[in-house]
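Peer 1: What follows is a single structure, and I will ask about it in a moment.
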Amino acid sequence: MGNAASQQIPGQFHDVALYQAVIKDGSLEWNLFSETVVPKFYDINEDIQDSPAEWHMEFEGSVEYPDVIVDSTTQFVPNERKCVFQTGGEGEVTFWALGFPDQDMFAQFSQIFHGYLFENTYQTQLNEDNIQKELGHLGGGASYAEETDESRQHWVEDMDIDVPEPPPSGTPGSHTKDHVVAEKASDLRAIVMGGGDRSYLVGEGGIGVMKNTLHGLEDPNLDISFDRLSLGRTPVSTRRRSSIGAKSTPSTNLSSCSKGMLMDHESKMNLFTPGSGSIYSTDLESEKILNEFSFKRNDVDVNVIDITSDSKSSQLDGTTTFLSLADNSIDRWDTRVKEGLVQTMASPVTLDFEGGRSYASKPHFSCMATSGQGYRAVGSKDGKIRLYNDKVEQIAKTSIPGLGAPIDFIDVTYDGRWVLATTKSFLIVIKTIYKEGSKELCGFTSRLGQKAPKPRLLMLKPEDKVLTKNAPFEKAKFTWITDQNRKERYIVASCGNYTVQWNFRSVKIAKPDVITNGFTTITRCKLIPKSEHILDTTFMHDAYSSHGDPSLVVLTKQKVYNVEEDDDSDREEEEERDGPRCLNF
């Protein structure tokens, strides 16, 4: 689908300045690169027959100008009439900015840019019919996702009950600090947080046991070695032959397991490797593998890519079922084994299929999370987010259109009112509650309509992207709550060697000071550095919150950190990092 060659933006453009960001004395400054440029757009695939359009931006009037693909990393700052964009990829990134002399010129450029962005994202031109087709209830406005006053009101309407508990008087103020609580010789792969008195590390060599305290995790130096695990429910005469590491090896090497899921009052853990076709049900008290379970539906193998609990709190009770996600199906399984069934490692037990739904046309599911009620949010490689009620056979009640980036991870608040989706460049926060008249409706149980609040995006400022070397976001999560009367306070994600934390209240009350992809974007955050790549950052259960704020845990390849933060110092640092968002041109 070729298009016309380089197209100058219509209108009388003058005095549009181009700036380049440079690092000086450890901070980011903006240098004038060209005093006057003329922005133009062109389709790089124009001369390639039957190729989809890929719009880029270039600048006439500069001797050496950047060539920029039109994508969703570009930020618009209306109050300053600035458009900030980047070139380069992960590790090496350069930031640029266009400065416009008046608001009308800035608004016209923004509208045209979003038209080309829409075409790059959905491979169709921007018009009302295509907006409705591709974006549904997200459409409307000159920049197609423009947030309305009604939408902004939806975001803040629960703030009267969302009041954080103040820290006790006399709490000493200090800067953010952290310390290593565990260091392992073999590589770590995952951290599994418990709501009781223990949490766990899953690594190459086995399962590390951690103690939950009000001051974070503690390492009691207890490890369950994979070499030491024995297979329960196996006759004594064959137990030696069937143990892990013996010749009758399991269908999956335990050392490759990259996820653990607690069940049955946190006394058992299911160990899982995506795509392996089976899980290991492990009794943490007796240190035995109870069973190796295989995923089969009607005697056909199911290639499972993710597993999750039936609900956000089901690991704390005696629930025996859990959910799995495949490329085109969501299923529920029961780990209860029929009486008298004896299992050997060579013949894994088939899980009891409790129900599910398969799609003929593959939706390319990628991740899943559940709320306290068992509602399910499912992300896809095409960027779509589907909301389901607690019945696995049902079709999605709401399908939220993609924004041009795959969903790599997803989370839901305990009450199901909010969904958080992770893409490499930005996080998406979605409110699932909306009103029709005086009636409050939920996107998990009814379809989100035109009155649904617009999503918001979380991103980094240019200077923060320089610090993180433009690393991708990974595994964004809400505070872990299992009490309907409590509210999530923070959002946290990993980004290269940094933990990134947002105050959820700040997200709710944010004004459209920064616009990305047409959506209100929040860049106010706290960055917590580490000397090595972060595998995961997560919150301890709310029962272990300190002074009303959740304790934070950071996992790297061989270390586990507790992160302690003082409310006052955090607030000062956030205000300093946020402040008036001046680009200092």
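Peer 1: Ordering Arg489, Arg456 from largest to smallest accessible area (1.4 angstrom probe), what's the sequence?
Peer 2: Sorted descending by solvent-accessible area, the residues read Arg489, Arg456.
Peer 1: Counting only protein heavy atoms and a 1.4 Å probe, tell me what percentage of the range 22-88's accessible area is made up of carbon and sulfur.
Peer 2: 43
Peer 1: Would you mind getting me the FRET efficiency between Asp104 and Ser438? Use the beta-carbon distance for r and R0 = 30 Å, nearest 0.05.
Peer 2: The computed FRET efficiency comes out at 0.15.
Peer 1: Could I ask something else about it? How long is the gain from Glu128 to Thr320 if the chain were fully straight, where each residue apart is worth 0.36 nm and the alpha carbon distance is subtracted?
Peer 2: Here the answer is 64.3 nm.
Peer 1: Also: Excluding Pro406 itself, what net charge comes from residues whose Cβ is under 11 Å from its Cβ, given Lys and Arg +1 and Asp and Glu -1?
Peer 2: Charge balance near Pro406 sits at +1.
Peer 1: A follow-up question, please. Can you put Asp390, Asp15 in order of accessible area, largest first, using a 1.4 Å probe?
Peer 2: Largest to smallest exposure gives the sequence Asp15, Asp390.
Peer 1: May I ask which of Lys268/Lys508; Lys177/Lys384; Lys288/Lys384; Lys268/Lys477 have a Cα-Cα span longer than 31 Å here?
Peer 2: Over 31 Å Cα-Cα: Lys268/Lys508; Lys177/Lys384; Lys288/Lys384.
Peer 1: Rg and Dmax in Å for the range 47-94, alpha carbons only: what are they?
Peer 2: 13.5, 42
Peer 1: Under a plain spin-label model, where a point goes 7 Å from the Cα along Cα-to-Cβ, how far apart in nm are Ser506 and Asp197?
Peer 2: A separation of 3.8 nm, rounded to one decimal place.
Peer 1: Could I ask something else about it? Please work out how much length the chain gains when fully extended from Asp149 to Arg228, using 0.36 nm per residue of separation minus the C-alpha to C-alpha distance, in nm with one decimal.
Peer 2: 22.4 nm
Peer 1: Would you pull out the residues with amide H under 5 Å of Ile330's amide H, same chain only if 5 or more places away, H placed 1.01 Å from N?
Peer 2: Arg357
Peer 1: How much of Cys495 can a 1.4 Å solvent probe reach, expressed as accessible area in Å² and rounded to 10?
Peer 2: 0
Peer 1: Need one value: the accessible area of Ser151 in square angstrom, 1.4 angstrom probe, rounded to the nearest 10.
Peer 2: 10
Peer 1: Of the GluC sites (Glu not before Pro) in the range 389-495, which ones lie in a loop per DSSP and count no more than 15 other C-beta atoms within 10 Å?
Peer 2: Glu393
Peer 1: Separate question: Sticking with the crude label model, points 7 Å out along Cα→Cβ, report the distance from Glu35 to Lys362 in nm, one decimal please.
Peer 2: So the label points at Glu35 and Lys362 sit 5.7 nm apart.
Peer 1: Something else about it: Using a 7 Å offset from the Cα along the Cα-to-Cβ direction at both Arg336 and Asp299, what is the distance between the two label points in nm, to one decimal?
Peer 2: If labels sit at Arg336 and Asp299, their model points lie 2.6 nm apart.
Peer 1: Taking the Cα atoms of the range 405-516, what is the range of coordinates along each of the three principal axes, in descending order and whole Å?
Peer 2: Per principal axis, max minus min of the Cα coordinates gives 47, 31, 26 Å.
Peer 1: Under a 5 Å amide H to amide H cut-off, with H placed in plane at 1.01 Å, what residues pair with Val514 once short-range neighbours are removed?
Peer 2: Hits under the 5 Å cutoff: Thr521.
Peer 1: Find the percent of Cα-Cα distances in the range 251-314 that exceed 14 Å, and round it to a whole number.
Peer 2: It works out to 58 percent of all Cα pairs.
Peer 1: Which whole-number value in Å³ per residue fits the convex hull of the alpha carbons of the range 446-509?
Peer 2: 142
Peer 1: Hey, another quick one. For a quick check of understanding: with a 1.4 angstrom probe and all protein chains in place, what accessible area in square angstrom does Ile44 have, to the nearest ten?
Peer 2: Here the residue's solvent-accessible area equals roughly 80 Å².
Peer 1: Taking a 1.4 Å probe, which of Val300, Val429 shows the most accessible area, and what order do the others take after it?
Peer 2: Val300, Val429
Peer 1: Could I ask something else about it? Convex hull over the alpha-carbon atoms of the range 13-58: what's its volume per residue in Å³?
Peer 2: Dividing the Cα hull volume of the range 13-58 by its residues yields 102 Å³.
The values are calculated or read from the model by the stated rules, or taken from the named source; none is laboratory data. This one's a predicted model, so the numbers in the text were calculated from it and none came from an experiment. Using ideal geometry, Cβ is built from the backbone for each residue, glycine included, and neighbour counts are taken over all protein chains shown. Keep in mind that these areas ignore ligands, DNA and RNA; they rest on the heavy atoms of the full protein, side chains included. Shrake-Rupley method; radii C 1.70, N 1.55, O 1.52, S 1.80 Å.
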